[in-house]
Amino acid sequence: MVVKALEAGEQVVATARKPEQMADLLAQYPDTLRTLALDVTDPAQVKSVVAEAAAQFGRLDVVVNNAGYGLMGALEECDEAQLRRSLETNFVGPLLVMQAVMPFLRAQRSGHIINMSAIAALTNHAGFAVYGGAKAALDAASDALRLEAGPLGVKVTGISPGPFRTDFVGRSMEQATTHLEEYDKTSGKFASYLHKIDGIQPGNPAAAAAAIVQMVQDGKAPTQLYLGKYANEAARKKIALMLRELDEWEAVSLATDFAK
């Protein structure tokens, strides 16, 4: 994402827990790139770093909430510490970032917030209860912020990728602390699938980043952008199921209102 934005001529403030990992990129783009250390689970640091980022180039135009990691395991297999740590990074952290940037965007009466979600937020898998739940919560928060900030000139877009060829399954995936054989055919099967396709996922990260940058530069702001064939097909299948069940249960649903 950083590379594609820089290649498109944008000025970028990139954050990471270890910004020194971007030293080569900083040397390549000394005039248009700044790097700052940030752990989104640290509320005080979020506020200070957002303010520092805004000062680097004088304003904030686009904010990308990209911090996150996976947690693989049936809900029963994940311990409380894992559950809380995942929610802090994948949901609470992005909320803190959005809270911190909104005063700047509100004052400008412009800006675009990009929240990296996942197809699991719409149609989840066995073994992703915590991760997919956190991303679904982020999507719901994005919906509300879109209504709150839209009249102030601020756009909010959720990005829902399918399987992309990144290191998500390896470096960015935590395993549940407990293993219960009863879940081998559900969450265990999905975990095996992820490891099987690791390195050969159909999604191209560079193409995804370029699509997002182009969307922003074109001034577009879809509510949710599903990336890749897998995500598009899964979303259509889930939406079709939701429509069928709405029809099937409509009479029951409408009967719960008071009679006029």
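Every number here is computed from the coordinates shown, using simple stated rules; none is lab data. Everything numeric here is computed off the predicted structure, so don't read it as measured data. Here Cβ is always computed from backbone atoms with ideal geometry, including for glycine, and neighbour counts include all displayed protein chains.
Using the Cβ of Ile197 as centre and a radius below 15 Å, the other residues enclosed give a net charge of +2, where K and R count +1 and D and E count -1. Potential lengthening of the chain between Ile197 and Asp42 amounts to 52.4 nm, from the contour at 0.36 nm per residue minus the alpha-carbon distance. Sort all Cα-Cα distances of segment 2-231 into consecutive 10 angstrom bins from zero, then give the percent of pairs in each bin up to the one containing the longest distance. Calculated P(r), rounded to whole percents: 8, 31, 37, 19, 5, 0. Springs join every pair of Cα atoms under 10 Å in this Gaussian network model of the chain, and among Ala208, Ala129, Ala240 the largest mean-square fluctuation is at Ala240. Take the Cα of Ala211, step 7 Å toward its Cβ, do the same at Arg84, and the gap between the two points is 3.8 nm.
Charged neighbours of Met1, selected by a Cβ distance under 13 Å, balance to -1 (K, R count +1; D, E count -1). Peptides 111-118, 97-104 ranked from most to least packed by the mean count of surrounding Cβ atoms within 10 Å: 111-118, 97-104.
Straight-line cross-link partners of Lys189 among the aspartates and glutamates, defined as a Cα under 12 Å from its Cα and at least 8 positions apart when in the same chain: Glu181.
Per-residue ellipticity at 222 nm, computed for the chain from helices alone with -39500 (n - 2.57) per DSSP H run of at least four residues, works out to -14500 deg cm²/dmol.
Averaging Cα coordinates gives a centre for segment 100-170 and one for segment 211-244; these two points are 12 Å apart. Going through the cross-link list Lys4/Lys47; Lys4/Lys155; Lys18/Lys229, which pairs have a Cα-Cα distance over 24 Å in this structure? Flagged as over cut-off: Lys4/Lys47; Lys18/Lys229. Restricting to DSSP loop positions (anything but H, G, I, E, B) with no more than 15 other Cβ atoms inside 10 Å of their own Cβ, which chymotrypsin sites (Phe, Trp or Tyr not before Pro) remain in segment 201-260? Hits after loop and neighbour filter: Trp249, Phe258.
The slack in the chain from Ala144 to Ile239, taken as 0.36 nm per residue of separation less the alpha-carbon distance, amounts to 32.2 nm.
Placing +1 on the Cβ of every Lys and Arg and -1 on the Cβ of every Asp and Glu, with nothing else charged, gives the chain a dipole about its Cα centre of roughly 680 debye. Cross-link partners of Lys135 among aspartates and glutamates, defined as those whose alpha carbon lies under 12 angstrom from its own and excluding same-chain residues fewer than eight positions apart: Glu88.
With the cut-off at 1.5 for a/c, could you classify segment 165-260 from its C-alpha gyration tensor as rounded, prolate or oblate? If you can, show how the numbers build up before the last one.
Details: a/c = 2.79, a/b = 1.25, b/c = 2.23.
Oblate is the answer for segment 165-260, as a/c is 1.5 or above yet b/c matches or exceeds a/b.
Simple rule: put +1 on each Lys or Arg Cβ and -1 on each Asp or Glu Cβ in segment 2-231, find the dipole, and look at Val213, Gln201, Ala100; the Cα lying farthest toward the positive end is Val213.
Expressed in nm to one decimal, what extension gain is obtained for the pair Ala27 and Ser253 from 0.36 nm per residue of sequence separation less their Cα-Cα distance?
Working: separation 226, 0.36 × 226 = 81.36 nm, distance 6.01 nm.
Contour length minus the Cα-Cα distance gives 75.4 nm.
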